[in-house]
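Beneath this line is the structure, given in structure tokens, with notes to follow.
The values are calculated or read from the model by the stated rules, or taken from the named source; none is laboratory data. This is a predicted model, so every value here is computed, not measured. Glycine gets a Cβ as well: all are built from the backbone with ideal geometry, and neighbour counts include every protein chain shown.
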Amino acid sequence: MPVELAEQQASMVVDATGEDIRSRWARYAFAAFLAGYTGLLAWFCRTKFMAFDELLSFYTDRAPSVARMVAIQREFPVSLDPLLFHLAAHGALQFGLAPFFAVRLPSLIGAVVMVVCIHRFTRRLSDRVTAALVVVGLLISNQFHMVEARPYGVLLGLAALSLVLWQNALRGEHRKASLLGLSLSLGAAISSHYFGILLVLPFAIAECLRAMRRRTFDLGLSAAILASLVFVAGWLPFLAGAHQYKSNYYIKVQASDLARAYTSVFQSFIGAHAPALEWLTCAIVLVAVVLGARKGYLRAMQTQSAPSSQGLHTEWTCVLLFALLPVAGVLLAWAASGAFEIRYVVEFSLGIAICLAAGLVAIVRNRSLLTGLVFAGCMLTVVSLAKRVQQDRLDRALLQRVADQTAGSPTLLTDKEEYLWIHASQDQSAAAANALWVADIRREIAATGSDNIDRTVLNLNAIAALPVLSYGDALRHPPTLQIIVNDRSEPKNWLPSALAGSGRKTTPVQRIGTDQVYQVEASGTP
């Protein structure tokens, strides 16, 4: 009997050692993947085609001085964000980095901070496998926000950092430094995007609920959260400039935005379907999130040594509140801005990822299968990035053909992205000299109900002296004029229909992808 017992104990030691070795190598492999993937993202930052909103940031951030950038944001902004993100990108440009990479660098740094911090937060909240699943899910869902010259990668990093600092404060780890850091990170989020103020809500509500259970407020934590709201004062000089776009903004908030936000979690699978299906998907996601949070909490209570029921309950409550940020975003849009996009509350993806990953780990008990899911997710992120790189090359090749066509003669462009890309990437070339835009706010409102595109281009003209014509000047232009119409432009440009109604004949010349090139005759009246 003693011999059998000794053999059994030796077998258990071998199994435990083998499991520890496998777990260690899995962690090394995952760390290597993250390092390699970060390098790929950094490379993609240098080469990726810049979308319209990114180009607006680019023109803002390359202002010759901070004073000039402040004046731009106050008087004729084109990128409607508070100043902090633009200060960071402007600073990166001063180091002589490639311009497109420099203005994306703050978001890339934010993405790295997000990965490190959300992994640490979730590992302490649950375990390593859940943390790895969360990171992979976030990389899949947000990888292109993380390489954009927009504040969204920065918001993700600040949100994850705030979670770690808040968790430290709750658990009494480096409390004073964590409280100061929490206040500053929340303030930085508020100073990077107007909807960044919503990041304060999960922490404030969680603290209120915690105070109800404890029958007293944690004064230090409450003060740190409230102190971050002081940063709202930084908005005040820039609100008037941003509000010039508000009355005729191209999108208006509506109830379906809430369904669209949660449907976006599985957008690649369901596509654009009927509103009823979107609301059904939204309900399924929300139920899965709530159940996942509950299972994650119960599992943490069972597996963590000497767990604090109150502390874990507060942490999981905050995670669930993160997942509900789209609700607050839609309400804020109704009350203030009038417009809502899912990316305005990109931080909600942190809560969604943690809840769904926790629910999956609680249901699937097989550790090897979960590890396999993590590495399958890693491969999916690489494949997704490779597809995006290939699509980016195709888009760039088509844009270069448009630029080559524009170089031959003065050309009216009707796609905002093509117009800005030619001027940003081929500065001082014949294509840039010939790439013209026709702006008429009155006609744009009549045709589309919005003045955002022409107003933006007119403000860009004040920033960078881009060539912009009035409609009357366009009709008086020499007979060598051509116009390029992109079938997929959103919103549709008003100029082609206006030219057709003026009596000025347009003759098809050639097709370039989704673009149709027309020769424009000299006759016609405004």
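List of remarks:
- Boolean, S126 is within 16 Å of the chain's Cα centre (by Cα) and in contact (Cβ under 8 Å) with a residue 60 or more places away in the chain: no
- Some residue of region 441-455 being more than 31 Å from the chain's Cα centre (by Cα), free of Cβ contacts under 8 Å to residues at least 24 places away in the same chain and not assigned by TED's automatic domain parsing to the domain that holds M50: yes
- Of the residues S192, S185, the single one that is assigned to a loop (DSSP other than H, G, I, E, B), under 22 Å from the mean Cα position of the chain (by Cα), assigned by TED's automatic domain parsing to the domain that holds D81 and not aromatic (F, W, Y) is S192.
- So P326, is it loosely packed, with under 15 Cβ neighbours inside 10 Å and either at pLDDT below 90 or in the same structural domain as A32 (by TED's automatic domain parsing) (or both): no
- Test: residue in region 464-483 that is outside any strand (DSSP E or B), at negative phi and among the β-branched types (V, I, T): yes
- Residue match in region 25-45 (condition: charged (D, E, K, R), at pLDDT 90 or above, touching a helix residue (DSSP H, G or I) at 6+ places or on another chain (Cβ under 8 Å) and part of a helix (DSSP H, G or I)): no
- Out of L80, L97, one residue alone is buried (at least 17 other Cβ atoms within 10 Å of the Cβ) and in a loop (DSSP other than H, G, I, E, B). It is L80.
- Meets criteria (at negative phi, surrounded by fewer than 10 Cβ atoms within 10 Å (Cβ to Cβ) and modelled with pLDDT of 90 or more) for A71: no
- The single residue among A335, A353 that is of a type in the set (G, A, S), crowded, with 22+ Cβ neighbours inside 10 Å and within 25 Å of the chain's Cα centre (by Cα) turns out to be A353.
- Search result, residues across region 440-463 that are modelled with pLDDT under 90 and not in a helix (DSSP H, G or I): G449, S450, D451
- Note on region 356-388: residues that are out of contact with any helix residue (DSSP H, G or I) (no Cβ under 8 Å at 6 or more places or on another chain) and crowded, with 23+ Cβ neighbours inside 10 Å amount to 0.
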